[in-house]
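A quick write-up on the structure given underneath.
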Protein chains: 2
Amino acid sequence: MIPRVVIVGGGFAGLYAARRFSRSNVKVTLVDRQNYHLFQPLLYQVATAGLSPGDIATPIRSLVARQSNVEVRMGDVTGVDLKNRRVTLADGVLDYDFLILATGVRHSYFGRDEWERFAPGLKTLDDALELRRRVLTAFEDAEKEPDEKKREAILTFVIVGAGPTGVELAGAIAELSKFTVADDYRRFDPRKSKVLLMEGGDRVLAAFDPALSAKALESLKKLGVDVRLNTRVTNVDAGGVDLGDERIAAHTVLWAAGVAASPISKSLGVELDRSGRVKVQSDLSIPGFPTAYVVGDLACVTQPDGTTVPGLAPAAIQEGEHAADNIMAAALGNPTEPFSYLDKGIMATVGRASGIAQSGPLRLSGFLGWCAWLFIHILYLIGFRNRLLVMIQWAWAWFTFGRSARLITGLTPPPSRHEAKLETAEAVRR
Amino acid sequence: MIPRVVIVGGGFAGLYAARRFSRSNVKVTLVDRQNYHLFQPLLYQVATAGLSPGDIATPIRSLVARQSNVEVRMGDVTGVDLKNRRVTLADGVLDYDFLILATGVRHSYFGRDEWERFAPGLKTLDDALELRRRVLTAFEDAEKEPDEKKREAILTFVIVGAGPTGVELAGAIAELSKFTVADDYRRFDPRKSKVLLMEGGDRVLAAFDPALSAKALESLKKLGVDVRLNTRVTNVDAGGVDLGDERIAAHTVLWAAGVAASPISKSLGVELDRSGRVKVQSDLSIPGFPTAYVVGDLACVTQPDGTTVPGLAPAAIQEGEHAADNIMAAALGNPTEPFSYLDKGIMATVGRASGIAQSGPLRLSGFLGWCAWLFIHILYLIGFRNRLLVMIQWAWAWFTFGRSARLITGLTPPPSRHEAKLETAEAVRR
C-alpha cells in the first residue's frame, strides 16, 4: 500500500513539504482554500500598490505540476479527526495515513474581534486588495471633502503593531503620500497625510537587535511616520482609535498586531499555546498522534534552549521539509528525527532605500540593509517570471517614485453574481 | 471667466478629450466611477488569466498629473441637467459651461436582464476578475466531481456573441484548457473541455471582410471551438443555455453580445437610437444643446454616407479630441467643425498566433495578422511601463504556453468590511 499523505495549507510550510515528496513513493494531496501560493513577505507591497497580485502569487498546481504523485485540491477544511485519520472538507472527506497541518495564523484582536471590520489585517491576497482599496479611496475622499478638519481625519492612517508588517506598511504609506501621489490632487496636499504607528512594546521590530530597532525608528521618523511606543489601543471604531484618554480621528486603521492560530487547531482536541498554536513534539508530530505533523506558523516548536521557533518563512520551509523527511522515514519503518532550526537571520525594510538585517554576528542597516533585503526577497520569490517582473517593476518604481498598481477594484461586486454562482453550483450538482 | 468643462467618463474618448485641453485656457473636471483608465481591447486577457489588472489599467490621475488645468473626480454620475448645465453626482453637483459625455456602453441582454447573473459580460476590470474566477473555478470544480456527466457540464464554456470580444474569449479559453492547465489536474483531462461560441448572424466577426471572417472561423475550429452560426439563445439559467429545442448543459456562460448605452442617456430627454445611444449632430453636440457633446461608444454618429461610426477605440479617441477642439473653438467664439471619421482599420486575434486585420485595401490573416494586432496593441497601450511589462509577459507566455495570472481572488469579500467602510464614511461626514 502506498501511504497517503494529506497536507493542509499551501503556504511556505505546506508547499515545501509537498515538494520534498518528489521522487518518493507516497501519494500526496495538498489542500488549500485558495488556488495559489502566496509570497507573503511581499504582501504589504500589494496592499500599498507597489506590486500586482499576480506578481507575488503563483497557482499551486503549476508549482507541483511535474510531481505526478501530488494532487492539489481546492477546498475548505472544516475539521480534522486525528483518531480516525480523516480530514473533513466543506465538500468531502480525505482519509490519510500521514497528515501535515500547515494552516498558519491570522492577526489577533486580543478578544476584541469586533475591531476587525474597522481595522482589517493583512494575511491574504484579498486582505491586501481590501487594504489597497481603503488607502487609495482615502485620497479620493479627501479630494471631495471641503471641511479641513474632516479631511484631516480622512488623511490620517493608523497602523497598529510595529512588527515587520506594521513597519513596512507605515513606511510604504508614508512614501505613497509623500512621493507617489503628491502631484495627483488639486484640492489638498497629500504630503500632509499623517501616518501613525502604534506599538505596545518599547521599540519597533522587537525581534531585532536593539541597535537595529533604533535605526529603523530613525528611518521611520525621517519618512514622517509618527511612532508611538508603549501605547495601547483601547478602542477602535468607524471614526478612529482611542489610546486611553487620547482620541485619534482616523479614516483608515490597519491592524498588524498579535498572532492567533487558524481556528482548525481548536478542533483537534490537543494541547495549544496561548495563541492557539499546536504544541508539537521535537519531531514536529502531535503528542499521542505520531502520524500527524504540524508545521509553519501553526506549530509551537520549543527548542532545546527553551525558546520557540519564530514564525518566519525560512522556519516554515525548514519545518515543512523536516516533517516530510520524518514521514518518509516512518513509512519505511525508520525512527523520526528531532527538528533543529537553522537561524539564517531576519530582515525588514523601511521605505524606499532603507532596511535592517541581522544574521549571526552580521548587522546591516540603511542602504546596505535594504540591498540585502532586496537580494534575498528576489532570490526566494518563487518562479523565474515573477522574479523578473518584480525586479523590473521595482527598478521602475525606484527611479520614478511611481507605484503602478494604484487601482481601486472590488467597488462593485454585484451580490447577485455570487448568488448566481452558488445556484449554478447547486444546479450542476443536482 | 475661464470656461469650465466637465468630462464624464475616463475611457478612451474622455481621456483623450481631457488630454487635448492641455495648454488651453479652460478648467477641466474629469469624472469617472473608477480611479483608473482601462485599456479595454486587452480586457479579455485579464478575464483569461493572461495579464494582471495592473497591466492594462493606469490611474487616471497619473495620466493627467502634469496638466494642471485638469482635476479628476472619482464619483458616480446620477443625472445630467442639460438646460441648467449641471451634472449631478451621488455626492455632489458640478456646474459646467461645456460638457463632454463619454460613459460608453454595456452589453445588451435584449430585454432579458435576468440573464446577466448567469452570463456576465466583460466591460470593466471587476467583470474581468469575475469571469476569470468563474473560468478557473470551473476547472477546480471538475477535479472534485466524480460523476462524468456532471463534469462534462462543468467543463463546457458557452460564449454568446461572435464579435471581437466573443472570439477572443473563445480562443483564449480554448488555449487555456488545451495548453496552459493541461497538466495541472489529476482526475480529468482539461483538453476535453468544450468551448462553444454562439452567433445569431451567419458569420463570426461580421464587421470584417467575409474572407477574413472565414479565416477566423478556421482558426477557431483549429483550436477546437464549436462555433454555432445562425443560432439564437432562447434562455439562460444556472444550468446552461437553451437554443430553441436544444439544451446545452454548461457551468460557465459568458456574454459578449449586443450593445446598450449606459443608463445616463435616458435621463437626458433627447433623441436616442435603438441601443440608447445619443444621436448627435455632425459636430458631435447634442441637438438643441450646443455646449453639450457626446463622444465614444455612447454617441450615435451618422456619417455623410448614412452609416454610423463604429464603436471602436480609435473612433472614440478621434471623437474625444474633436469635441475638445470644438469646445475650444466655441469658447473663442469661432464656429465648430463637423467630425469626420478616419477609418484606420480593424483587427482581432484568435488564439496564440493567429489574427486578422484589415485597413483600407490591406488584408492580413494568420501569423501576419497576429503580428499586426500585437504591434498596434502594444503601441497604443498607455504608459511605457505597462507596455514593457506586457511585452515581457506575452513573450514569456508565448514560449511557455503559460498564463501567469491564474489567481482565483474575491472568494471572501467579507461583507462586514464593506459595511464598515460605509459606516466610516458616514462617521467622517458627521
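The values are calculated or read from the model by the stated rules, or taken from the named source; none is laboratory data. Note that the structure is predicted; figures quoted are calculated from it, not measured. Here the Cβ is made from the backbone with ideal geometry for all residues, glycine too, and neighbour counts use every protein chain on show. Ligands, DNA and RNA are excluded from the accessible area calculation, which covers all protein heavy atoms including side chains. Shrake-Rupley method; radii C 1.70, N 1.55, O 1.52, S 1.80 Å.
Does A:Glu145 satisfy the criteria of being closer than 18 Å to A:Val46 by Cβ, charged (D, E, K, R) and either within 10 Å of chain B (Cβ to nearest Cβ) or surrounded by 23 or more Cβ atoms within 10 Å (Cβ to Cβ) (or both)?
No, not satisfied.
Among the listed residues B:Arg106, B:Arg112, identify the single one that is closer than 27 Å to A:Ser52 by Cα, more than 9 Å from chain A (Cβ to nearest Cβ) and touching a strand residue (DSSP E or B) at 6+ places or on another chain (Cβ under 9 Å). Walk me through how you get there before you give the answer.
Values: B:Arg112 fails: closer than 27 Å to A:Ser52 by Cα.
Criteria check complete, one pass: B:Arg106.
Pick from A:Ile356, A:Ile382, A:Ile376, A:Ile392: which is more than 8 Å from every other protein chain (Cβ to nearest Cβ) and modelled with pLDDT under 75?
A:Ile382
Out of (1) in contact with a strand residue (DSSP E or B) (Cβ under 8 Å, 6 or more places away or on another chain); (2) within 9 Å of chain A (Cβ to nearest Cβ); (3) in a loop (DSSP other than H, G, I, E, B), the odd one out for B:Val72 is which?
(3)
Kindly provide the set of residues from the range B:152-168 that are more than 8 Å from every other protein chain (Cβ to nearest Cβ), part of a helix (DSSP H, G or I) and surrounded by 21 or more Cβ atoms within 10 Å (Cβ to Cβ), ordered by number.
B:Pro164, B:Thr165, B:Gly166, B:Val167, B:Glu168
If the requirement is being within 28 Å of A:Val309 (Cα to Cα) and either modelled with pLDDT of 95 or more or open to solvent by less than 30 Å² (accessible area, probe 1.4 Å) (or both), which of these qualifies: A:Gly50, A:Gly75, A:Gly14? Give the derivation first.
Values: A:Gly50 fails: within 28 Å of A:Val309 (Cα to Cα); A:Gly75 fails: within 28 Å of A:Val309 (Cα to Cα).
The match here is A:Gly14.
Using the structure shown, decide if B:Phe139 is touching a residue at least 12 places away in the same chain (Cβ under 8 Å), more than 10 Å from chain A (Cβ to nearest Cβ) and not aliphatic (A, V, I, L, M).
no
Could you count how many residues in the range B:78-114 are aliphatic (A, V, I, L, M) and open to solvent by 70 Å² or more (accessible area, probe 1.4 Å)?
Total meeting the criteria: 2.
Looking only at the range B:249-271, count every residue that is more than 13 Å from chain A (Cβ to nearest Cβ) and of a type in the set (A, V, I, L, M, F, W, C) and tell me the total.
8
Could you check how many residues of the range B:1-27 are out of contact with any Asp or Glu (no Cβ under 7 Å at 6 or more places or on another chain) and part of a loop (DSSP other than H, G, I, E, B)?
Of the residues in that region, 9 qualify.
Exactly one condition in (1) within 13 Å of chain A (Cβ to nearest Cβ); (2) touching a residue at least 24 places away in the same chain (Cβ under 8 Å); (3) surrounded by fewer than 19 Cβ atoms within 10 Å (Cβ to Cβ) is false for B:Leu131; which is it?
(3)
Take the residues in the range A:294-325 that are in contact with an Asp or Glu (Cβ under 8 Å, 6 or more places away or on another chain) and over 16 Å from A:Val105 (Cα atoms), then tell me which one is surrounded by the fewest Cβ atoms within 10 Å (Cβ to Cβ).
By that ranking, first place goes to A:Asp325.
I'd like to verify a number: residues in the range B:17-44 that are of a type in the set (S, T, N, Q), more than 14 Å from chain A (Cβ to nearest Cβ) and either surrounded by 21 or more Cβ atoms within 10 Å (Cβ to Cβ) or under 25 Å from B:Gly163 (Cα atoms) (or both), how many?
The total comes to 1.
Kindly list the number of the only condition in (1) assigned to a loop (DSSP other than H, G, I, E, B); (2) modelled with pLDDT of 95 or more; (3) away from every other protein chain (no Cβ under 14 Å); (4) open to solvent by less than 30 Å² (accessible area, probe 1.4 Å) that fails for A:Ala119.
Just one mismatch for A:Ala119, condition (3).
Of the numbered conditions (1) exposed (fewer than 15 other Cβ atoms within 10 Å of the Cβ); (2) modelled with pLDDT under 80, B:Ile408 satisfies every one except a single condition; which is it?
Among (1) exposed (fewer than 15 other Cβ atoms within 10 Å of the Cβ); (2) modelled with pLDDT under 80, the lone unmet condition for B:Ile408 is (1).
Considering only residues of the range B:173-193 that are within 11 Å of another protein chain (Cβ to nearest Cβ) and of a type in the set (Lys, Arg), which is nearest to A:Gln67 (Cα to Cα)?
My answer is B:Arg186.
Just one of the numbered conditions (1) open to solvent by 20 Å² or more (accessible area, probe 1.4 Å); (2) at pLDDT 95 or above; (3) in a helix (DSSP H, G or I) is not true of A:Gln281; which one?
Failed condition: (3).
Conditions first: (1) closer than 30 Å to A:Val280 by Cβ; (2) outside any loop (DSSP other than H, G, I, E, B). A:Arg387 passes all but one, so which condition is the exception?
Every condition holds for A:Arg387 apart from (1).
Only strands (runs of 3 or more DSSP E) wholly contained in the range B:170-265 count here; list those with 2 or more residues that are open to solvent by less than 20 Å² (accessible area, probe 1.4 Å).
Correct list: B:194-198, B:240-243, B:252-255.
Out of everything in the range A:326-352 that is of a type in the set (A, V, I, L, M, F, W, C) and more than 22 Å from the chain's Cα centre (by Cα), what residue ends up being least open to solvent (accessible area, probe 1.4 Å)?
A:Ile327
Mind listing whichever residues of the range B:47-69 are more than 7 Å from chain A (Cβ to nearest Cβ), of a type in the set (Gly, Ala, Ser) and either within 21 Å of A:Pro53 (Cβ to Cβ) or in contact (Cβ under 8 Å) with a residue 40 or more places away in the chain (or both)?
B:Ala47, B:Ala49, B:Gly50
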